[in-house]
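Participant: Before anything else, here's the structure in question.
The values are calculated or read from the model by the stated rules, or taken from the named source; none is laboratory data. This is a predicted model, so every value here is computed, not measured. Every residue, glycine as well, gets a Cβ built from its backbone with ideal geometry; the counts of neighbours run over all protein chains shown. What goes into the accessible areas is simple: the full protein's heavy atoms, side chains included, and nothing from ligands, DNA or RNA. Shrake-Rupley method; radii C 1.70, N 1.55, O 1.52, S 1.80 Å.
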2 protein chains.
Amino acid sequence: MVSTADREDWAVLDECERGVIELFVSVADVLGFPRSLGEIYGLAYISPLPIHLAEVCGRLSLSKGSASQGLRTLRDLGALKPVYVPGDRRDYFEPEIKIRVLLYQLLSERLRPHLDRSAGALEELDESARRCSPALAPETAKFRRERVELLGAWRKRVSTVLPIVQRILK
Amino acid sequence: MVSTADREDWAVLDECERGVIELFVSVADVLGFPRSLGEIYGLAYISPLPIHLAEVCGRLSLSKGSASQGLRTLRDLGALKPVYVPGDRRDYFEPEIKIRVLLYQLLSERLRPHLDRSAGALEELDESARRCSPALAPETAKFRRERVELLGAWRKRVSTVLPIVQRILK
DNA sequence: CATTTAGTTCAAATTCTCTTGAACTTTGTG
DNA sequence: CACAAAGTTCAAGAGAATTTGAACTAAATG
């Protein structure tokens, strides 16, 4: 084995690469994702070939731990897709570049689970409202029941609109 | 003035109120807002009367600083609306409860500014790509120009879809 | 089967965000 | 005009989220 085997030196990011990565970092920020996710996706996006762990560490100066976690999260989100490279043991990834798919998966992974959880929470809330009612002035109890009902209506509305939005993105 | 003037004791939240507030805390979480915003909006949402600063501090055990900031942020987002109460110097707020309006304002305040900023960033990127081209293999330079162009297409697409979504929420 | 390489895991450290609380401004009251 | 009440501001503290790095597992190689 050559002496430089485990300490490959990766090319420093040029202006254009930095710009693209910066843009994705700001997108990650808006979406509430950690900076490193934006960096990794950005690198994948502007790289002509699939990327792999060591490259991410080397070119972005991220620790192996961060890079590994980041790659996994992005794969789980569907933002990076595994690519099989024959004769190479490393895991390569290329970016999903269809905005429709990206947004669809984002909505599915983030909003949908919350909507599902809240369905259960709303039922419990309904019971809570009922349980608390006797201790309250009748008009207060009524007001609360209405507000809790409204929450249910909101949930329904968002649940209905979500698939439509996803379809529009087509 | 009575001795208890500045140390009013507010009713402890009952089960139903806690439940509603908890739900909004989880919404805030999904949207990447601080917990306190969820709590304050939740309190306003389940309160039959407009709320004010001291009430927020007292019932949610938040500091005056947090409450003040939180109320302002929610007002800026359009999630809380100022209510004038004659003969009372305090600032009262009631919640915006039209989901359409809430979501519309959320999209406008969060996504729109980012889209606008990115328009400028993309132009610069385009120049960057051009500047970096001479130093690259022709096919790499071409690949980059395409990817940068694609970013522009994404932005356009999202900019187009956003108003449509807002209209659907009608 | 010992060694090397790819990748994962997780506790500790770091960094960043949010909250607190005290000082301050402003406005109303006697 | 002194005082009280409402609200703001912001530096410092507390807390949460992210990143690191070292120890680990798994798989390939000779």
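Participant: Just one of the numbered conditions (1) farther than 17 Å from A:Leu151 by Cβ; (2) not aromatic (Phe, Trp, Tyr); (3) not assigned by TED's automatic domain parsing to the domain that holds B:Val165 is not true of B:Gly38; which one?
Facilitator: (1)
Participant: Just the residues that are surrounded by fewer than 15 Cβ atoms within 10 Å (Cβ to Cβ) and more than 16 Å from DNA strand C (Cβ to nearest atom), please, taken from region B:84-99. Full working, then the answer.
Facilitator: Here is the first cut: in region B:84-99, the ones surrounded by fewer than 15 Cβ atoms within 10 Å (Cβ to Cβ) are B:84-90, B:98.
Within region B:84-99, B:Lys98 is the sole residue that qualifies.
Participant: Would you confirm, using the coordinates I've provided, whether B:Ala28 is within 14 Å of another protein chain (Cβ to nearest Cβ) and touching a helix residue (DSSP H, G or I) at 6+ places or on another chain (Cβ under 7 Å)?
Facilitator: Working: within 14 Å of another protein chain (Cβ to nearest Cβ): yes; touching a helix residue (DSSP H, G or I) at 6+ places or on another chain (Cβ under 7 Å): yes.
Judged against the criteria, B:Ala28 is a match.
Participant: Then there is this: Name the residues in region B:33-52 that are open to solvent by 50 Å² or more (accessible area, probe 1.4 Å) and either away from DNA strand C (no atom under 11 Å from the Cβ) or at pLDDT below 95 (or both), would you? It would help to see each step written out before you state the result.
Facilitator: Start the filter on region B:33-52 by keeping residues that are open to solvent by 50 Å² or more (accessible area, probe 1.4 Å), which leaves B:34-35, B:48-49.
Of everything in region B:33-52, those that are open to solvent by 50 Å² or more (accessible area, probe 1.4 Å) and either away from DNA strand C (no atom under 11 Å from the Cβ) or at pLDDT below 95 (or both) turn out to be B:Pro48, B:Leu49.
Participant: For the list (1) surrounded by fewer than 19 Cβ atoms within 10 Å (Cβ to Cβ); (2) in contact with a Pro (Cβ under 7 Å, 6 or more places away or on another chain), I need the number of the one condition that A:Ser68 fails.
Facilitator: Among (1) surrounded by fewer than 19 Cβ atoms within 10 Å (Cβ to Cβ); (2) in contact with a Pro (Cβ under 7 Å, 6 or more places away or on another chain), A:Ser68 violates only (2).
Participant: So which residues in region A:31-53 are within 13 Å of DNA strand D (Cβ to nearest atom) and of a type in the set (A, V, I, L, M)?
Facilitator: First, the residues of region A:31-53 that are within 13 Å of DNA strand D (Cβ to nearest atom): A:31-42, A:53.
Answer for region A:31-53, where residues must be within 13 Å of DNA strand D (Cβ to nearest atom) and of a type in the set (A, V, I, L, M): A:Leu31, A:Leu37, A:Ile40, A:Leu53.
Participant: Look through region A:74-117, keep the residues that are assigned to a helix (DSSP H, G or I) and charged (D, E, K, R), and return whichever of them is farthest from the other protein chains (Cβ to nearest Cβ). Let's see the steps before the verdict.
Facilitator: Narrowing region A:74-117 to residues assigned to a helix (DSSP H, G or I): A:74-77, A:99-117.
Then drop every residue that is not charged (D, E, K, R), which leaves A:75-76, A:100, A:109-110, A:112, A:116-117.
Values: A:Arg75: 20, A:Asp76: 17, A:Arg100: 8, A:Glu109: 11, A:Arg110: 7, A:Arg112: 11, A:Asp116: 12, A:Arg117: 8 Å.
The selected residue is A:Arg75.
Participant: Oh, and also: Quickly run through region A:50-73 and pick out the residues that are free of Cβ contacts under 8 Å to residues at least 12 places away in the same chain, of a type in the set (A, V, I, L, M, F, W, C) and outside any helix (DSSP H, G or I).
Facilitator: Passing the criteria: none in range.
Participant: Answer yes if at least one residue in region A:100-114 is among the hydroxyl-bearing types (Ser, Thr, Tyr), surrounded by fewer than 17 Cβ atoms within 10 Å (Cβ to Cβ) and away from DNA strand D (no atom under 13 Å from the Cβ), and no otherwise.
Facilitator: So far as region A:100-114 goes, yes, one or more of its residues are among the hydroxyl-bearing types (Ser, Thr, Tyr), surrounded by fewer than 17 Cβ atoms within 10 Å (Cβ to Cβ) and away from DNA strand D (no atom under 13 Å from the Cβ).
Participant: Out of region A:123-170, which residues are open to solvent by 30 Å² or more (accessible area, probe 1.4 Å), facing chain B (nearest Cβ under 7 Å) and over 24 Å from A:Pro113 (Cα atoms)?
Facilitator: The answer is A:Arg131, A:Thr140, A:Phe143.
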